[in-house]
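Notes follow once the structure below has been shown.
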Amino acid sequence: MKRATLDNETSNFQLEREIERPWFRHLITVLIVINAVVLGVLTYHSQLPRGAVMAMEIFDHAVTWVFVVEIGLKLVVYRMQFFKSGWNWFDFVVVGVSMAPGGATFSVLRAMRVLRILRLLHIVPVMKRITEALMKALPGMGAIFAVLALVTYVGAVMATNMFGETDDPDVALLFGDLPKSAYSLFQVMTMDGWRFEVVQKVIDDGNPYAWIFFIIFIFIASFAILNLFIALVVDALASEQKALLEEGIHDIEEEIEEEFDEAEGQRGDIIKLLTALRAEIAELKQAVETREH
């Protein structure tokens, strides 16, 4: 039987087969989705009946223990091999956070229970491929982010020198110092209210040609550099799809090779059988001829 688990040697193979069955993965997936919905509904706990809130909290605790049992079974089966997978580390940490006790001290950790829905990223195959493609694109994203930060810094220095010395409190709030300028240029880069909330105020402050600076910045930062992020992600997804296709083709070639070898083996057996039959027929003919004589 072909093994689909992390290790090839385990003393709990029957248990391993059970936790790798589709029904078990589907059960965990359904529980994750339902639990995420319940956690969302619980944000309205002040508007819900007390009984409903208690029932949903009990369900949340029950699901948490189901996930704990799941992790425990995998640890029993895979032993230290379990920690060789980054996704298993993710599950372990998320479920561990879910076990944090209640109270104000741990309120942030308790709020992070909703992170369990992120387990769908590796349980659902399509999501897993997309996530892995994004992870492979992170080094390239870091380089693009460095270029974007450099362009923003240069633009912030220029904007502070050009627009920072002003008596207009609105413009001073936007470009009065380097951090304010960088933050304002980030808003311009996202093109969120950039015209009336930023550029128009600078123009009205006696800088009629300020729009040229901002248009150039938008073309460089938004249209050029930010689009590189999209291109990088698309390229990573295309590479992942190509790798998946090549893997599928390789599996098909292996199956064909196995079928061919099996057919060759059967062909040899058939030839041996026919040779034996021909020898027996020859012996029968010889025996018949001997009787006739």
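The values are calculated or read from the model by the stated rules, or taken from the named source; none is laboratory data. Quantities reported herein were computed from a predicted structural model and do not represent experimental measurements. Every residue, glycine among them, receives a Cβ derived from its backbone with ideal geometry; neighbour counts consider all protein chains shown. Note: areas computed on protein heavy atoms with side chains; ligands, DNA, RNA excluded. Shrake-Rupley method; radii C 1.70, N 1.55, O 1.52, S 1.80 Å.
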Q: Match the structure shown to one of the listed values (i) 1.76; (ii) 0.97; (iii) 1.09 of Cα Rg over 2.2 N^0.38 Å, computed from it, and give that label.
A: (i)
Q. Add -39500 (n - 2.57) for each DSSP H run of 4 or more in the chain, then divide by its residues: what number comes out at 222 nm, to the nearest 500 deg cm²/dmol?
A. -25000 deg cm²/dmol
(Q) Report, to one decimal in Å, the Kirkwood hydrodynamic radius for the range 136-292 based on all distinct Cα pairs. (A) 21.8 Å
Q. Short version: ³J(HN,Hα) in whole Hz for each residue of the range 184-197, in order, from phi by Karplus 6.51 cos²θ - 1.76 cosθ + 1.60 (θ = phi - 60°), x for Gly and Pro, what are they?
A. 5, 5, 5, 5, 4, 4, 7, 6, 9, x, 5, 6, 7, 7
**Q.** Residues of type lysines that Lys180 reaches as a straight line, Cα spacing below 16 Å, ignoring anything fewer than 8 places off in the same chain
**A.** Lys201
Q) Taking the Cα centre of each part, how many Å lie between the range 221-244 and the range 45-83? A) 37 Å
Q: Compute the length gained on full extension between Glu255 and Phe186: take 0.36 nm times their separation in residues and subtract their Cα-Cα distance, giving the result in nm to one decimal.
A: 19.4 nm
Q) Going toward the positive end of the dipole of the chain, with +1 on Lys and Arg Cβ and -1 on Asp and Glu Cβ, which of Ala238, Val33, Ala210 do you reach last? A) Val33
Q. Can you tell me the accessible area per residue over the chain, all protein chains present, probe 1.4 angstrom, in square angstrom?
A. 66 Å²
Q: Using only Cα atoms, find the angle between the long axis of helix 86-98 and the longest principal axis of the chain, and express it within 0 to 90 degrees, rounded to the nearest 10.
A: 60 degrees
Q. Do the alpha carbons of any pairs in Lys84/Lys136; Lys84/Lys242; Lys128/Lys242 sit beyond 22 Å of each other, and which pairs?
A. Lys84/Lys242
Q. Based only on the alpha carbon positions, what is the Kirkwood hydrodynamic radius of the range 246-293, in angstrom?
A. 13.7 Å
Q) Say each of Leu274 and Val76 gets a label point 7 Å from the Cα, pointing the same way as Cα to Cβ; how far apart are those two points in nm? A) 5.6 nm
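Assign unit charges at the C-beta atoms only (+1 for Lys and Arg, -1 for Asp and Glu), then state the dipole size of the chain relative to its Cα centre in Debye, rounded to the nearest 20.
1100 debye
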